[in-house]
Amino acid sequence: MFKKVKPYMGKNIRYTRMALLAMFLGLIASTLPFILVYRIIEPLLSGTRPDVQVVITNIAGVAVCEVAYAYLYVLGLKFSHKCAYRTLKNIRISLQKKLERQPLGTIQEMGTGKIKKLFTDDIEQIELLLAHAIPEGISNLSMALIALIFMFVVDWRLALLSLCSLPLGIFAMGMMFKKGMEKMNAYYAAAAKMNSTIIEYINGMEVVKVFGREGESYKRFETDIKDYRDFTLAWYKICWPWMALYSAIIPCVALVMLPVGTLMVINNTTTLANLVLVFCLSLSVGVPLLKALSFAGKFPQLNYRIDEIEKAMEGTPLKEGKKPFEGACHDVRFEDVHFAYKDSEVIHGLSLELKEGSLTALVGESGSGKSTLAKLLVHYYDINSGRISIGGQDITDMSIEALNDNISYVSQEQFLFNTSLYENILMGKPGATREEVLAAADKAQCTEFLNRFPKGIDTPAGDGGKMLSGGERQRISLARAILKNAPIIVLDEATAFIDPENEEKMNAAIGEIIKGKTVIVIAHRLQTIVNADKICVMKDGFIIAEDTHENLLKTSSVYKNLWENSEASTGWTIGNEVGA
């Protein structure tokens, strides 16, 4: 396991070596008092009176050793934690960089709960290995072995007797590992599921309350938490008896040695001085030995977490080139594109061409593949076969940065960071001036609601943009796209939160974005795309018709049905009495 972590330690491994040295010296200092106490009582064993000066000297030595032990051990922990937290930083940075190269759709499928667990819980547990298990475990085990060797030098028979409890303790520890490993995978699966459910429940609490689904939603929340509780208790219930057994037995190195050694003194097969010295030394063996072995119980858990982190790092990266954009123009072309979510194909040999400067609308029932097609263009996923190109250049030949520079993607699910609205818009073009940001906000029709805030555009957006309404968040997102000024625009239900009062403003904002651009619009409200240069009707991953609005009404029954349903829904109202 240490080999898996070592590459991330780099030069920081020197702090682990320093920690080992400091802790080892500290443990020697903690063992010396037992020998010093023996020197005090040694004269008594021979029936002579101890010298007062010797007693005082040895007592002072005990005090110095205890202070030295405390200082050196804390110093060792300081070094080990310095290495641990710098290594954790390196692991998180490495994980972040590798996740950045994963298909964005794959990351979304992982869920925020699992990603949070990876970045915080799993990586944080590695701190136990680096800051404690390695330096403390090795130094404690080394000190226990040195004390045992010294005991063997004094009297090998008494030393062997002191080890009698060790086999039983190791057997109990082995049984704990064997029984515990059987439950570990189920335990961690339940923990990951619980994390995802808690985050989903909290994020969706507003919707749950509005639609009165507290009972149904809470039932799943409660079930997943109880599953985690049950797995945890079942796991601990199996491990606790064995843990208690080895924790009680391993430190008792004098359990057999003391009574048998006393008989040996009586029978003159060893001396009382040897028995007392070995007994004093045995007191310095039990605690460090137990502490060293106690870390062994953490290694299976750490192995699991490291494996989970490595699995996330080893995912198939997004196919990405290194070239800048070299396309002759900004025509977009899909050629015989096939794409599947896992084992289920959702786009079936689709071909489509979008001319530079044109506006193309994708319409169809939910699940027909509209949003998937848009996400394939912005390279959320790699296609299974076929080709997607911009200006003749395959999108997999260019770098992600080059692709992103040429496409603005505005979806209905917009996220604002908990920083100022100004900085949220600035993300569209980090090098823009304040005047450019204000101009983009004005074109996106944001000025009206920004003026309501005392701090204006410098108002914090709140977590996820909670300070704004859905329509206001969308206009901030549109301001980002206007500021970015990319030649290709993808609007995926970007008008989903339009209300009648703001419809004209939103349309004006969108009009500012699409001027002179190659535009793809996905919309359920067909009234907003009647003037599109081309409307593509999708069904079950195929384009079944493409033409202008007027021609499709005449030639496509599917489009005509979608239009009639859209027209009918436009006139829907909420009555103020039953039967209204």
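Take region 437-466 and flag every residue that is outside any helix (DSSP H, G or I), in contact with a strand residue (DSSP E or B) (Cβ under 7 Å, 6 or more places away or on another chain) and free of Cβ contacts under 8 Å to residues at least 40 places away in the same chain.
459
From the list 97, 82, 114, which residue is assigned by TED's automatic domain parsing to the domain that holds residue 13 and modelled with pLDDT of 85 or more?
Details: 97 fails: modelled with pLDDT of 85 or more; 114 fails: modelled with pLDDT of 85 or more.
Step by step, each of 97, 82, 114 is checked, and only 82 is assigned by TED's automatic domain parsing to the domain that holds residue 13 and modelled with pLDDT of 85 or more.
Which residue out of 127, 200, 136 is of a type in the set (Asp, Glu), in contact (Cβ under 8 Å) with a residue 60 or more places away in the chain and closer than 30 Å to residue 90 by Cβ? Full working, then the answer.
Details: 127 fails: in contact (Cβ under 8 Å) with a residue 60 or more places away in the chain; 200 fails: closer than 30 Å to residue 90 by Cβ.
Unique residue meeting the criteria: 136.
Of the residues 92, 101, which single one is within 19 Å of residue 117 (Cα to Cα) and touching a residue at least 24 places away in the same chain (Cβ under 8 Å)?
Values: 101 fails: within 19 Å of residue 117 (Cα to Cα).
Step by step, each of 92, 101 is checked, and only 92 is within 19 Å of residue 117 (Cα to Cα) and touching a residue at least 24 places away in the same chain (Cβ under 8 Å).
Counting only residues that are within 28 Å of residue 526 (Cβ to Cβ) and not assigned by TED's automatic domain parsing to the domain that holds residue 527, give me the helices (runs of 4 or more DSSP H) lying completely in region 337-436 with at least 1 of them.
Answer list for region 337-436: 370-377.
For region 326-336, what are the residues that are under 35 Å from the mean Cα position of the chain (by Cα) and assigned to a loop (DSSP other than H, G, I, E, B)?
Going residue by residue through region 326-336, those that are under 35 Å from the mean Cα position of the chain (by Cα) are 334.
Result: no residue meets the conditions.
Output yes when any residue across region 155-166 is at pLDDT below 80, in a helix (DSSP H, G or I) and not assigned by TED's automatic domain parsing to the domain that holds residue 35, and no when none is.
Yes.
Quick one: in region 398-418, of everything that is polar (S, T, N, Q) and farther than 19 Å from residue 474 by Cα, which residue is surrounded by the most Cβ atoms within 10 Å (Cβ to Cβ)? Can you show your working first?
Within region 398-418, the subset polar (S, T, N, Q) is 399, 404, 406, 408, 411-412, 414, 418.
Add one more test, that the residue is farther than 19 Å from residue 474 by Cα, and what stays is 399, 404, 406.
On the way: 399: 14, 404: 15, 406: 19.
Out of the qualifying residues, it is 406.
This table checks each residue for (1) within 30 Å of residue 310 (Cα to Cα); (2) modelled with pLDDT of 90 or more; (3) touching an Asp or Glu at 6+ places or on another chain (Cβ under 8 Å).
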| position | (1), (2), (3) |
| --- | --- |
| 7 | yes, no, no |
| 11 | yes, no, no |
| 19 | yes, yes, no |
| 31 | no, no, no |
| 37 | no, no, no |
| 45 | no, no, no |
| 55 | no, no, no |
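Here is a list: 39, 86. Which entry is of a type in the set (Lys, Arg) and closer than 30 Å to residue 279 by Cβ? Can you show your working first?
Numbers: 86 fails: closer than 30 Å to residue 279 by Cβ.
39 is the lone residue from the list that is of a type in the set (Lys, Arg) and closer than 30 Å to residue 279 by Cβ.
May I ask you to say which residue of 84, 70, 29 is in a helix (DSSP H, G or I), touching a helix residue (DSSP H, G or I) at 6+ places or on another chain (Cβ under 9 Å) and surrounded by fewer than 17 Cβ atoms within 10 Å (Cβ to Cβ)? Talk me through it step by step, then tell me what you get.
Values: 84 fails: surrounded by fewer than 17 Cβ atoms within 10 Å (Cβ to Cβ); 29 fails: surrounded by fewer than 17 Cβ atoms within 10 Å (Cβ to Cβ).
70 is the lone residue from the list that is in a helix (DSSP H, G or I), touching a helix residue (DSSP H, G or I) at 6+ places or on another chain (Cβ under 9 Å) and surrounded by fewer than 17 Cβ atoms within 10 Å (Cβ to Cβ).
The values are calculated or read from the model by the stated rules, or taken from the named source; none is laboratory data. Given the structure is predicted, the values throughout are model-derived calculations rather than measurements. Note that each Cβ is placed from the backbone with ideal geometry, even for glycine, and that neighbours are counted across all protein chains shown.
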